[in-house]
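Contents: one structure, followed by commentary.
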Amino acid sequence: MTAKRIALAVNGKRQWVEVDPEKPLLWVLRDDLRLTGAKYGCGAGLCGACTVHLDGKAARSCTLPVGSVGSRAVVTIEGLARGARLHPVQQAWVDEDVAQCGYCQAGQIMTAAALLAEKPRPTEADVAAITNICRCGTYPRVRLAIANAARKMRGGA
């Protein structure tokens, strides 16, 4: 493993890390940049606990080599809010009391936010296609929170 100096755009800031380009983005975020919102779940990109945004699209960071990120903008759960104002999906999670243990919630929120940015009026099938895993089984509240966030993002009450 040969470390290289890699530039990343994370949460609106240019960051430099000296790491092996094959190191998964998740571990660069957690270990090198101390952004611990994205979680390690399965290590195979299946559970979604590690989800971040790459240029606004949901991406599983546990299987993504940091060297492949390039100039794409990385947003973690720590960068989703605007100052003290929560992103509408984060606020919907609070309003609907979605979290139980909370481990998967950052990944769920990041996936939902990316979905709503792409599809402001998601169908039930769009929401059901989210593959993030929640061991606590809060899926009914997740679906409700996504619907409420979508409505608020479109200007509804």
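Values in this text are rule-based calculations from the coordinates and carry no lab data. For clarity, every value in this text was computed on a predicted model and none was experimentally measured. With ideal geometry, Cβ positions are generated from the backbone for all residues, glycine too; neighbour counts draw on all protein chains shown.
See the values below:
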quantity	calculated
Lone qualifier among 66, 17, 98 - being within 20 Å of residue 128 (Cα to Cα) and touching a helix residue (DSSP H, G or I) at 6+ places or on another chain (Cβ under 6 Å)	98
Restricting the stretch 21-51 to residues that are free of Cβ contacts under 8 Å to residues at least 40 places away in the same chain and β-branched (Val, Ile, Thr), the residue that is farthest from residue 62 (Cα to Cα)	36
From the options 25, 46, residue that is out of contact with any Ser or Thr (no Cβ under 6 Å at 6 or more places or on another chain) and either surrounded by fewer than 19 Cβ atoms within 10 Å (Cβ to Cβ) or over 21 Å from residue 90 (Cβ atoms) (or both)	46
Cross-chain or 6+ apart pairs with Cβ under 8 Å, the stretch 7-20 first and within 12 Å of residue 72 (Cα to Cα), then among the hydroxyl-bearing types (Ser, Thr, Tyr) and surrounded by 10 or more Cβ atoms within 10 Å (Cβ to Cβ)	10/76; 11/76
Residue 111 surrounded by 21 or more Cβ atoms within 10 Å (Cβ to Cβ) and more than 15 Å from the chain's Cα centre (by Cα)	no
Scan of the stretch 97-138 for residues that are assigned to a helix (DSSP H, G or I) and among the β-branched types (Val, Ile, Thr), ordered by number	109, 111, 127
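Each row is one residue, and each column tells you yes or no for (1) under 18 Å from residue 105 (Cα atoms); (2) crowded, with 18+ Cβ neighbours inside 10 Å; (3) touching a helix residue (DSSP H, G or I) at 6+ places or on another chain (Cβ under 7 Å).
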{"position": "7", "(1), (2), (3)": "no, no, no"}
{"position": "29", "(1), (2), (3)": "yes, yes, no"}
{"position": "36", "(1), (2), (3)": "yes, no, yes"}
{"position": "39", "(1), (2), (3)": "yes, yes, yes"}
{"position": "50", "(1), (2), (3)": "yes, yes, yes"}
